[in-house]
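So the structure is just underneath, and the comments pick up after that.
The values are calculated or read from the model by the stated rules, or taken from the named source; none is laboratory data. None of the values given here were measured: they were computed from a predicted structure. Cβ sites come from the backbone with ideal geometry, for glycine too, and all protein chains shown count toward neighbours.
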Amino acid sequence: MAQEIIDGSGSGYRARVNENNRLETFSIIESRIADISNRKGESFIITSDFVSLTTTGSFNGIMYVKNTDPDKLLFIDRVRVCGTGASMGSLQAKFYKNPTTGTLISDANAGIVVPSNLGSNVDFSGTVYAASGDGKTITDGTQFSQFTVHLPGHTIQEYQGNLIIPGGASAGIAVKPSYATEACIEVQCWFENKKII
């Protein structure tokens, strides 16, 4: 006797088995950040303004992000760093874990934070500072990543949520151009409650 799987919503649709004896399904895949943005409005785009950098002999602190929510994790999806130029050059970038000192932080120049879902009224649970000009510093913290951007141009560092900033923790980003450039940075991220295992 044949068994039927019927849609539980009351519309009377039946599951179909194909010629390979496999149950047919239909699914839509979306990224975690898109899901959180759509359902909860808790994803954000963090940016600096265009910063004119002329200091080429040392690193310039350009962005600081701190999660101040003890109950949520801040997941970093991607980081985009860019710079202008008229000829081939480079922009070295370094990421720091838990920086606490330097003029980037002490100046407390607010970065730009906007919910990725432009219809969301959710506030960002953290602190964001962006460089107000050339020569800002990050003087402590643990360096954990580095890469080079070819100028003129940009690079996108994909983390897809693998880079996590817990409540009370922070990250800083500093760059060193090979020549004077207009630089900017963008961080795409989302908040999610801690999972209790």
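Things to note:
- Residues of segment 117-146 satisfying the condition of being in a strand (DSSP E or B) and buried (at least 16 other Cβ atoms within 10 Å of the Cβ): Gly126, Thr127, Val128, Tyr129, Ala130
- Filtered residue count, segment 38-49, keeping only those that are crowded, with 21+ Cβ neighbours inside 10 Å and either at pLDDT below 95 or over 22 Å from Glu192 (Cα atoms) (or both): 1
- Boolean, Ser52 is surrounded by fewer than 16 Cβ atoms within 10 Å (Cβ to Cβ) and either in a strand (DSSP E or B) or aliphatic (A, V, I, L, M) (or both): yes
- Residue pairs meeting the criteria (Cβ under 9 Å; at least 6 apart or on separate chains; first farther than 18 Å from Ile173 by Cβ, in segment 107-133; second assigned to a loop (DSSP other than H, G, I, E, B) and among the aliphatic types (A, V, I, L, M)): Pro115/Val122
- Annotation note: of Val81, Val114, the sole residue that is of a type in the set (Val, Ile, Thr), outside any loop (DSSP other than H, G, I, E, B) and either in contact with a Lys or Arg (Cβ under 8 Å, 6 or more places away or on another chain) or surrounded by fewer than 16 Cβ atoms within 10 Å (Cβ to Cβ) (or both) is Val114.
- Among the criteria (1) surrounded by 10 or more Cβ atoms within 10 Å (Cβ to Cβ); (2) under 30 Å from Asn117 (Cα atoms); (3) without any contact (Cβ under 8 Å) to a residue 12 or more places away in the chain, the one Arg16 does not fulfil is (2).
- For segment 1-20, taking the residues that are in a loop (DSSP other than H, G, I, E, B) and touching an Asp or Glu at 6+ places or on another chain (Cβ under 6 Å), the one that is modelled with the highest pLDDT is identified as Asn18.
A quick yes/no check of all residues on (1) assigned to a strand (DSSP E or B); (2) buried (at least 16 other Cβ atoms within 10 Å of the Cβ); (3) among the hydrophobic types (A, V, I, L, M, F, W, C):
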position: Thr148; (1), (2), (3): yes, no, no
position: Ile156; (1), (2), (3): yes, no, yes
position: Gly168; (1), (2), (3): no, no, no
position: Ala171; (1), (2), (3): yes, yes, yes
position: Lys195; (1), (2), (3): no, no, no
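- Residue in segment 69-76 that is assigned to a loop (DSSP other than H, G, I, E, B), surrounded by 14 or more Cβ atoms within 10 Å (Cβ to Cβ) and in contact (Cβ under 8 Å) with a residue 40 or more places away in the chain present: yes
- Candidate set: segment 55-68, residues that are more than 17 Å from Pro166 (Cβ to Cβ) and in contact with a strand residue (DSSP E or B) (Cβ under 7 Å, 6 or more places away or on another chain); chosen: the one surrounded by the fewest Cβ atoms within 10 Å (Cβ to Cβ): Ser58
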